[in-house]
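Below is one structure, written out as structure tokens; the observations come after it.
Computed from the coordinates by the stated procedures, all read-outs in this text should not be read as laboratory data. These numbers come from a predicted model, not from an experiment. Here Cβ is always computed from backbone atoms with ideal geometry, including for glycine, and neighbour counts include all displayed protein chains.
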Amino acid sequence: FDYNLIDKIDKLVLEAGIAFIENGFNISKTSNNIYLHRNTLIYRLEKIKDILGMDIRNFNEACSYYLINKNI
């Protein structure tokens, strides 16, 4: 994994990804908990996918994403 890619993503986008995972991959629950419109959350998840190449809707990729971002 190229850790330099993380620097290209806004911190709020990274935090939205973490919140999505911590809320059990539930878009509605996550958007309510972080006070973000659901479409904005979906956009941020797509941004993570585009920049990092990780689809965090997939459990295995979500685990990697979570561990990488919790250690930074």
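Per the Cauchy relation, a quarter of the hull surface: what is the mean projected area of the convex hull of the alpha carbons in the chain, in nm²?
Mean projected area for the chain: 4.2 nm², to one decimal.
Hey, with R₀ at 22 Å, roughly what FRET efficiency would residue 5 and residue 42 work out to, going by the Cβ-Cβ distance, to 0.05?
About 0.60, to the nearest 0.05.
Going by alpha carbons, how many degrees (0 to 90, nearest 10) lie between the helix axis of 11-22 and the longest principal axis of the chain?
It works out to around 70 degrees.
At a threshold of 8 angstrom on Cα-Cα distance, excluding pairs fewer than six apart, so keeping six or more, what relative contact order does the chain reach in percent?
31 percent
Counting only helical runs of four or more DSSP H residues, what would the 222 nm mean residue ellipticity of the chain come to if each run contributes -39,500 (n - 2.57) and the total is spread over all its residues?
Calculated from helices alone, the mean residue ellipticity at 222 nm is -19500 deg cm²/dmol.
The chain: longest stretch without exposed chymotrypsin sites (Phe, Trp or Tyr not before Pro) (DSSP loop, at most 13 other Cβ within 10 Å), sites themselves excluded?
Within the chain, the longest run free of exposed chymotrypsin sites (Phe, Trp or Tyr not before Pro) spans 36-72.
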